[in-house]
Amino acid sequence: MNVIITGANGQLGRELQQIKSEKLTIHAFSSSQLNITDLEQAEAIISNIKPEFIINAAAYTAVDNAESNSQDAFAVNTKGVENLANICKKTNAKLIHISTDFVFDGSKSTPYKITDEPMPLGVYGASKLQGENIIREILPKSSCIIRTAWVYSMYGNNFVKTMLRLMQEKDVLSVVCDQVGTPTWASGLANTIWKLVLTKAELPTLLHWTDNGVTTWYDFAVSIQELALEKGLITKDIPIKAIPSSDYPTPAKRPNFSVLDKTEVEQVLGKKTIHWRKQLSAMLDQLKDRS
Ligand SMILES: NC(=O)c1ccc[n+]([C@@H]2O[C@H](COP(=O)([O-])OP(=O)(O)OC[C@H]3O[C@@H](n4cnc5c(N)ncnc54)[C@H](OP(=O)(O)O)[C@@H]3O)[C@@H](O)[C@H]2O)c1
């Protein structure tokens, strides 16, 4: 089965290539090889390969920059996604697309269900939500949108790698303690995507996927430190201070609570997602092995 991955050099794109199944022929394209905002280029490449699936791991993910560069965010996360959906329709390919917890405003205090009304707080979330809506319009029966959150991986820039660096460089760290969510190892998400590609069952149109459990950025940082010290990835045991978001202003407002309810994905896969701390430990082992 032919499968195209867009955004191949991103965190998810790289993890998808790491754990691909032998049953699949993967064609992975970085942004410089296949720019999803370039309809003509994307169509030429995709029509030539005639994939059964396109996994769109390409996105404008700079949440804070999006506030001042909304044109760029919408160009990739909305127009680029529209291009892919139209090409999928023409070529009969199914689209697996990744979206975000940032489509929600965080006003709930129980996990967000797939039926909950999105209400993005910023440009990034709005551009991703418009992308979702366009896919549903163009490919109502042959697409699957997977919302995820707090993604990290040994590849690219992310919270885990930033914390590890700062824990070595600084004498004290301050991390926000009033945003609640669930970290997600991109490798686990990639695994789920491949299971969906290989399942014979009909694709669900919308799923929520994160690792299991609930935490804050502060507790996540504390766990990163504990596990990294245990594994010898860092040597300093610096104090970590819990601070409110108001002490760490960012251009984009973030949801205070963005835990996603994973009932549907657990039904489809027939098992529970793995707890985020166990996944964090596995990622840190991988980082250690490859360093
Ligand atoms: N990271 C998170 O915490 C998080 C949370 C929730 C949801 N998500 C979603 O999960 C998905 C994967 O995220 P990620 O963390 O893997 O993102 P990432 O590491 O930032 O990777 C995104 C990739 O998309 C590529 N890209 C950007 N514009 C493109 C274009 N016009 N055409 C083709 N490729 C383009 C980028 O290429 P360049 O490097 O060349 O720009 C980059 O390699 C995204 O849909 C994101 O919205 C992420």
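The values are calculated or read from the model by the stated rules, or taken from the named source; none is laboratory data. This one's a predicted model, so the numbers in the text were calculated from it and none came from an experiment. Here Cβ is always computed from backbone atoms with ideal geometry, including for glycine, and neighbour counts include all displayed protein chains.
The residue that is farthest from the ligand (Cβ to nearest atom), counting only those in region 12-30 that are in a helix (DSSP H, G or I) and modelled with pLDDT of 95 or more, is Q17. When restricted to residues that are near the ligand (Cβ under 10 Å from one of its atoms) and buried (at least 18 other Cβ atoms within 10 Å of the Cβ), region 159-202 contains 6.
For region 229-252, the count of residues that are out of contact with any helix residue (DSSP H, G or I) (no Cβ under 8 Å at 6 or more places or on another chain) and among the small types (G, A, S) is nonzero. For region 31-47: of the residues being under 20 Å from R14 (Cβ atoms) and either surrounded by fewer than 22 Cβ atoms within 10 Å (Cβ to Cβ) or at pLDDT below 95 (or both), which is nearest to the chain's Cα centre (by Cα)? Checking each candidate, the answer is S31. Summed over region 112-125, the residues that are aliphatic (A, V, I, L, M) and surrounded by fewer than 17 Cβ atoms within 10 Å (Cβ to Cβ) give a count of 1. Out of everything in region 85-111 that is surrounded by 23 or more Cβ atoms within 10 Å (Cβ to Cβ) and among the hydroxyl-bearing types (S, T, Y), what residue ends up being farthest from V197 (Cα to Cα)? Going through the qualifying residues, I end up with T100. When T37 is tested against the conditions (1) in a loop (DSSP other than H, G, I, E, B); (2) more than 10 Å from the ligand (Cβ to nearest atom); (3) in contact (Cβ under 8 Å) with a residue 40 or more places away in the chain, the lone failure is (2).
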